[in-house]
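Structure, as structure tokens:
The values are calculated or read from the model by the stated rules, or taken from the named source; none is laboratory data. These figures come from a predicted structure and were not determined experimentally. For neighbour counting, all protein chains shown are included, and Cβ atoms are generated from backbone atoms with ideal geometry for every residue, glycine included. Ligands, DNA and RNA are stripped out before the accessible areas are found, and what is left, the full protein with its side chains, is counted by its heavy atoms. Shrake-Rupley method; radii C 1.70, N 1.55, O 1.52, S 1.80 Å.
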Amino acid sequence: MKNVRPKKNLGQHFLTDLNVAKAIADTVDACPDIPVLEVGPGMGVLTQYLVDKPRELSVVEIDRESVAYLHEHFPVLRDKVISGDFLRMDLHQLFGGRQFVLTGNYPYDISTQIFFKMLDNKDLIPCCTGMIQREVALRMASEPGNKAYGILSVLIQAWYDVEYLFTVDEHVFNPPPKVKSAVIRMTRNKVTDIGCDEKLFRRVVKTVFNQRRKMLRVSLRQLFPKGEASTGFFEGEMMTLRPEQLSISQFVELTNMVEKELGSTSPAAGQPI
């Protein structure tokens, strides 16, 4: 079977440098002894190194041409090649409900969605590695006070330790993307209870970063009926800060403040989060 043609509508950029491929595959070794799920294997440039590791491996691929290629070139995987959309999968159906490592050369246009799905299944995924757009990787690993610090930084770092491992240049892909890529690793931290309502936490983080240049006392008003809260709520010192200045623990504190205030305004308390 001939090589698979990269498809623009699927955001396919096939990695051609085998040294980089092996280095990415080896990032899963930080979480040994559990299965691995590779997303978007394409023609198996990472798969060829993952399959040699002494652990269970499944791959999920949405491109039917790539699925046929994988069946032909990786017969050892047999029924472990899953034809489908990762974003629509019930991850509890994989590996008998056991925890697994998530990895891959992720399509740029859905990488953020992949990581939100990871967060929704964080108890199943103690480790996530792979290659993404460098700009997204920098956001994920950024600390407070940095321009790159944003929604992804806070939501992921609340549950995972993020490591920016190395940068990958454009010329090692077919076709070459217009931006640089980066390899990251996320490992579940020891947090089991974030200390606030998790859905409201997400809502607060997204709300304030959607107006990241404004002080919290301005951006938070849209969470309340007619933009109003009880006397003094918007007058605290924290309310003069902008979202990129807040640590994870401060966002937890802020969420609890908002929840308490919403509890005293019943119309807003029932709004979807």
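Based on the Cα gyration tensor of region 7-74, what are the three equivalent ellipsoid semi-axes, each the root of five times an eigenvalue, rounded to whole Å and given largest first?
Details: eigenvalues 85, 38, 22 Å².
That gives 21, 14, 11 Å for the three semi-axes.
Could you tell me which of the pairs Lys80/Lys190; Lys22/Lys147; Lys147/Lys199; Lys178/Lys199; Lys22/Lys206; Lys22/Lys180 are separated by over 27 angstrom between their Cα atoms in the structure shown?
On the way: Lys80/Lys190 31 Å; Lys22/Lys147 32 Å; Lys147/Lys199 25 Å; Lys178/Lys199 35 Å; Lys22/Lys206 36 Å; Lys22/Lys180 18 Å.
Exceeds cut-off: Lys80/Lys190; Lys22/Lys147; Lys178/Lys199; Lys22/Lys206.
Taking trypsin sites (Lys or Arg not before Pro) that fall in a DSSP loop and have at most 10 other Cβ atoms within 10 Å as cut points, what is the longest piece of the chain between them? Walk me through the intermediate numbers first.
On the way: sites that count: Lys2, Lys147, Lys178, Lys190, Arg213.
Longest run free of exposed loop sites: 3-146.
What is the chain's relative contact order, in percent, from Cα pairs under 8 angstrom and six or more apart in sequence?
16 percent
Can you give me the relative contact order of region 1-109 as a percent, contacts being Cα pairs under 8 Å and 6 or more apart?
On the way: 151 pairs, mean separation 35.5, N = 109.
In percent, rounded to a whole number, it is 33.
What number, in nm² with one decimal, is the all-direction average of the projected area of the convex hull of the alpha-carbon atoms of the chain?
On the way: hull surface 61.9 nm².
Result: 15.5 nm².
On the accessible surface of the chain, probed at 1.4 Å, how many percent belong to carbon and sulfur atoms? Walk me through the numbers before you get to the answer.
Working: 6620 of 13590 Å².
Carbon and sulfur: 49 percent of the exposed surface of the chain.
Which of the three applies to region 118-242, rounded, prolate or oblate, going by the alpha-carbon gyration tensor with a ≥ b ≥ c and a/c under 1.5 meaning rounded?
Working: a/c = 2.85, a/b = 1.78, b/c = 1.60.
It comes out prolate by the Cα gyration axes.
What do you get when you divide the Cα radius of gyration of region 104-178 by 2.2 N^0.38 Å, with N the number of residues? Can you show the working numbers first?
Details: Rg = 12.8 Å, N = 75, 2.2 N^0.38 = 11.3 Å.
Ratio of Cα Rg to 2.2 N^0.38 Å: 1.12.
Find the percent of Cα-Cα distances in region 154-193 that exceed 15 Å, and round it to a whole number. Walk me through the intermediate numbers first.
Values: 418 of 780 pairs.
The share of Cα pairs beyond 15 Å in region 154-193 comes to 54 percent.
Pull out the extension gain between Lys180 and Ala148, defined as 0.36 nm times the separation in residues minus the alpha carbon to alpha carbon distance; nm, one decimal. Numbers along the way, then the final one.
Numbers: separation 32, 0.36 × 32 = 11.52 nm, distance 1.59 nm.
That works out to 9.9 nm of additional length.
State the three equivalent ellipsoid semi-axes of region 1-141, derived from the C-alpha gyration tensor as the square roots of 5 times its eigenvalues, in descending order and whole Å. Don't skip to the end; give the middle numbers.
On the way: eigenvalues 82, 66, 48 Å².
After scaling each eigenvalue by five and taking roots: 20, 18, 15 Å.
Give, rounded to the nearest 20 debye, the magnitude of the charge dipole that the chain has about its Cα centre when Lys and Arg contribute +1 at Cβ and Asp and Glu contribute -1 at Cβ. Kindly include the intermediate steps, with their values, before the conclusion.
Details: 34 positive and 33 negative charges, 154 e Å.
That gives the chain a dipole magnitude of about 740 debye.
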